[in-house]
Amino acid sequence: MVTALSLLNAPFLTPKPRTQLKTLPSAKPNSPFFFPSSFPSFPNLQRHRFNVQPPIAASLKEKVGCFKKTLSDFTGLNYWVVRDYCRLVDSVTALEPEIQRLSDEQLAAKTSEFKKRLNQGEAVSDIQAEAFAVVREAAKRKLGMRHFDVQIIGGAVLHDGSIAEMKTGEGKTLVSTLAAYLNALAGDGVHVVTVNDYLAQRDAEWMGRVHRSLGLSVGLIQKGMTAEERRINYQCDITYTNNSELGFDYLRDNLAGNSDQLVMRWPKPFHFAIVDEVDSVLIDEGRNPLLISGEASKDDARYPVAAKVAELLMRGLHYNIELKDNSVELTEEGIALAELALETNDLWDENDPWARFVMNALKAKEFYRRDVQYIVRNGKALIINELTGRVEEKRRWSEGIHQAVEAKEGLKIQADSVVVAQITYQSLFKLYPKLSGMTGTAKTEEREFLKMFQMPVIEVPTNLPNIRKDLPIQAFATARGKWEYVSQEVEYMFRQGRPVLVGTTSVENSEHLSDLLQERNIPHSVLNARPKYAAREAEIIAQAGRKYAITISTNMAGRGTDIILGGNPKMLAREIIEDSLLSFLTREAPSIEVSDMSISRKVFSKVKVGPSSMALLAKSALMAKFVGKSEGKSWTHEEAKSIISESVEMSQLKPLKELQKLIDEQSEMYPLGPYIAITYLSVLKDCEVHCTKEGSEVKRLGGLHVIGTSLHESRRIDNQLRGRAGRQGDPGSTRFMVSLQDEMFQKFNFDTEWAVKLISKITNDEDIPIEGDAIVKQLLALQINAEKYFFNIRKSLVEFDEVLEVQRKHVYDLRQLILTGDDESCSQHIFQCLWYHDVR
């Protein structure tokens, strides 16, 4: 352990003299902080760097580090496992010329051939290489995407029931098609599980084209579907869904009153699952059980009273808190004051129990903060998912916490509830005989995956070398100093033209940083849980890799969209279509407030739309206007956007000749959809040219720069943010800035006294950062301790749930036997239960 005394005398803490930016042109052009001389200097921006090494020493240290990493790669087990998978890659590649000669019909017929061979006794391993070669060719024909060799390795890892760790941008979505197709040949159903409805729908439509072309049926489970729709989709060969819909369908099936209400494939609803963002589902969401609730006792009036009492009580005098586990303990003074205020002799009186309400009110006061854990919208307190930054409208905190939050905010109290059925994600996915997963960050949690699920984590090599530069962490004594430096770094990068992504932990922090950037007149986009920002999520992400783009996001986990340098041509083309046609399709304004991005767009270079695209846009606009008038149609804003979305999807599904044929055949009916689809394809070509050119310029400047504004309790979450830069061999850089006032330091009682002494030894300015190996070691040790703490919580939860699981499985199995069995088998089960009862 590094002592405070040794740190105070550390040689690397000699401060570098304050240097204004106008001296920076001496930096090397390939440095992530290179400042072109063509830009003016900014005297107000001052950089304070510590631990600056001579160029020779720094170069030597980097080479030694690279050598150690290379040596560990060759001596590690992961290297030899991947090398073994390379034999499969060679077999798939050898079959490629033969598969390429097949027609579309012959390629689709391979599916029937594989099924027949499996029925005749061949093992899945016997057809694996050929099946992968077939999927690779189908993807090439239908999506224009050929699986890279490393993606073949990823597919094999999934098929073997392991976790494939693939870096951001390496094509995990495409990888899943290999294992999904191979395991669907058995006919028992495959579930591809994502973290939200949007990703499930996107993947079902996008990757589903590969499976459908090969003769497999593809289903999709979405929020709001009827039982009949769910039943049909679960019967498909491959079903795309999100984790919560899957869990609730399982629970609802086990509360069903008759067999007609069942939606899953009983008696064997689970066969094989591929879980996207598996670390998010099984670890981050592991502490949140899925609950189906019924209405409980009506004690609504007690919550507002308890909230008033909580306002009277003072922390440190009347109660103490423990941030680590969000617990509250009343002192003797607090109990006396609460009993006096409530006019009761005993808070824990069984006939008049006030203790639970007071404790929940104190928890709502101390641990549940507006714009951090929840937002208030339309008179409701809506939970913000701490990992994705999205609002979860259907989710509520249990055990009276949500009602306590509603009382604190003065909202209408919704009825308390009692749990009718529950299951954790760990227990749910353990029901699969074969389970696999994919993510960009799982290696740090490999021990947990092995212990809990017997799933090893295999690091799949990147297709191109990762050249991202992870700059040293900077630590600040105060939050004020940290935010000032973040805003300085953003402005510094903006003047270069580099795109910047800033990761924050809450709505509150993202908007605070937005205010600081507005003071500096820096155009930027904000992405957080507020509806006006969330409505533009796809557009904001599409623009985030463009030159001069500054994006502030609450969290990037589970966003499901890569940041492409130069911009996403498909999303840009769609924006152009919407900007040109929406005003002709509808006069209605959006149903929710949408953030204005006009200021951000001013700094972007304009996409040059060619003459042919301009003509098509004009004709589409006239046609949209004419159809609306001649047929008397009046579309809402959402319906108009849906028309454009369906047209864009049509352009991806049908070739150009077929779209033109649709227009020729329906010339009398003004085929708006096909015409918009053709217009989109034309505009897309212009956008691809523009994005390629701008992407090259952004790469020359250094690529995307990612700034983390605090460390998470898990290194894995920080790595997810880092992974947004440097995708597919692109240049990029990352920097984390932390403050000793950050919540994690307080939550885990981190001793910050040594760091404060350290900073005061260097300078009287508390806002100056410190950086160095000693700082990194201390912070890393804190994160590892936090990971161990939460691992023990999840472990205890799983062990407790295993006790319930034995009873739950027995009862659920018996219910299904009775629901799906005939009269004779039902009678037999009932007699067995009666006999067992009599014996006891």
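In table form, for the structure just shown:
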| read-out | value |
| --- | --- |
| Whole-Å distance, taken between Cα centres, linking the stretch 202-241 and the stretch 81-160 | 22 Å |
| Loop-located trypsin sites (Lys or Arg not before Pro) in the stretch 79-144 whose Cβ has at most 13 other Cβ within 10 Å (DSSP) | R101 |
| Other-chain or far-sequence residues with amide H under 5 Å of V275's (modelled H) | V193, S436, G437, M438 |
| Phi-based couplings in Hz for the stretch 810-820 (Karplus 6.51, -1.76, 1.60; Gly and Pro marked x) | 5, 5, 5, 4, 5, 4, 5, 4, 6, 5, 9 |
| Over the stretch 375-513, equivalent-ellipsoid semi-axes from the Cα gyration tensor in Å | 35, 31, 13 |
| The stretch 298-414 - percent of accessible surface contributed by carbon and sulfur, probe 1.4 Å | 46 percent |
| All aspartates and glutamates inside 12 Å of K699 as judged from Cα atoms, apart from same-chain residues fewer than 8 positions distant | D730 |
| Ranking by accessible area, most exposed first, for I678, I784 with a 1.4 Å probe | I784, I678 |
| D371 long-range amide H proximity, modeled H, under 5 Å | V376 |
| Cut-off under 5 Å, modelled amide H: who pairs with G219 long-range | I238, T239, Y240 |
| Backbone HN-Hα couplings from phi across the stretch 203-208 [Karplus 6.51/-1.76/1.60, Hz, Gly and Pro as x] | 5, 5, 6, 7, 6, x |
| Translational D in µm²/s for the stretch 298-414 (Stokes-Einstein at 4 °C, 1.567 mPa s, Kirkwood Rh from C-alpha pairs) | 88 µm²/s |
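The values are calculated or read from the model by the stated rules, or taken from the named source; none is laboratory data. Here the structure is a predicted model, which is why all the values come from computation and not from measurement. In this analysis, Cβ positions are derived from the backbone assuming ideal geometry, glycine residues included, and neighbour counts consider all displayed protein chains. Each accessible area value is taken on the protein alone, full model and side chains, heavy atoms only, with ligands, DNA and RNA left out. Shrake-Rupley method; radii C 1.70, N 1.55, O 1.52, S 1.80 Å.
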